[in-house]
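Visitor: This is the structure, below, for whatever I ask next.
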Amino acid sequence: MTAQSLAHLFNEQIQQTTIWEWGAVSLGIAEVLLAKINNIWLYPTGIAGTAIGIYILMIAGLYAESALSVYYVVMSIYGWIYWVKKSDHPQVKISWTTRNEWIITLIIVFAGWGILFLLLKNFTASTVPVWDAWVSSTAWAGMWLLARRKLENWVLLNISNLFAIPLLWQKQLVLFSALTLFLFVVAIFGFFDWRSIWKKEQLINNAFSD
């Protein structure tokens, strides 16, 4: 595909983009920027954008990504509650993933990949079951870590983003593909921003413990 045909496809997609797609993309951008600065408003913003995206992905035949979006809504509600907790408890702090959490993360990735692949292959008309399942399972794991405020959530989410970009492009969801590329870049900065926040909190804790 030449640069001219790519530009033509992009312009064509922009012209055909509905107000709902623009809404989903705009809310997705707002969500990742809020996550980058460690702001709890990422959750209601993400829930709203994801609810719109579910319908769009179903129409495109990306069934695992649509199911991923439903899971995302559930995990966002969980993460929202987990971050806030009870008013008389301290807010959950950013931390590194523990060994047990890594075991759970890897189970989510590989068991989720296998289960989603079988479901897509046997019960849907998906033309990309392996790819779709992998994008979704790695994102599931990343969102679980995000809900628990773990630094490595950015790594898992970017593994998902890396594979999602060409998948969405192949399905001619050019605007969603561009959004995912944006999310990929922001997630890199998000990791380092969160690490800086974690380091500052460690310095404060050490100062009080001395």
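Every read-out reported here was derived from the displayed coordinates using simple, explicitly stated rules and does not represent laboratory data. Small disclaimer: the values here were computed from a predicted structure and weren't measured. Positions of Cβ are generated from backbone atoms using ideal geometry, with glycine treated the same way; all protein chains shown enter the neighbour counts.
Visitor: Calculate how steeply helix 99-123 sits against the longest principal axis of the alpha-carbon atoms of the chain, using the helix alpha-carbon long axis, and give the answer as 0 to 90 degrees to the nearest 10.
Guide: Around 20 degrees separate the two axes.
Visitor: While we're here: For the chain, what is the number of Lys pairs with C-alpha distance below 21 angstrom, counting only pairs 8 or more positions apart or on separate chains?
Guide: 14
Visitor: Now, a different point. At a 10 Å Cβ-Cβ cut-off, how would you order GLU65, GLU101, GLU152, fewest neighbours first?
Guide: Lowest count first: GLU101, GLU152, GLU65.
Visitor: How tilted is helix 63-84 with respect to the longest principal axis of the chain? Cα atoms for both, answer in degrees (0 to 90, nearest 10).
Guide: Tilt relative to the chain: about 20 degrees.
Visitor: Another one. Kindly provide the pair-distance distribution of segment 110-210 built from C-alpha pairs, with 10 Å bins from 0 and whole-percent values in order of increasing distance.
Guide: 15, 36, 28, 12, 6, 2, 0
Visitor: Here's another thing I want to ask about it. Give me the three principal axis extents of the chain from the C-alpha atoms, as integers in angstrom, largest value leading.
Guide: Result for the chain: principal-axis Cα extents of 63, 35, 31 Å.
Visitor: Report the label-to-label distance for ASN38 and ILE19 in nanometres (one decimal), using points 7 Å from each Cα along the Cα→Cβ vector.
Guide: Computed distance between label sites ASN38 and ILE19 equals 3.9 nm.
Visitor: Also, I was wondering about something else. If you fit an axis through the alpha-carbon atoms of helix 174-209 and take the longest principal axis of the Cα set of the chain, what angle between them do you get, 0 to 90°, nearest 10?
Guide: Roughly 0 degrees between the two axes.
Visitor: Right, next: Can you give the helix-only mean residue ellipticity at 222 nm for the chain, where every DSSP H stretch with n ≥ 4 adds -39500 (n - 2.57) and the sum goes over all residues, rounded to the nearest 500 deg cm²/dmol?
Guide: The per-residue figure over the chain is -28500 deg cm²/dmol.
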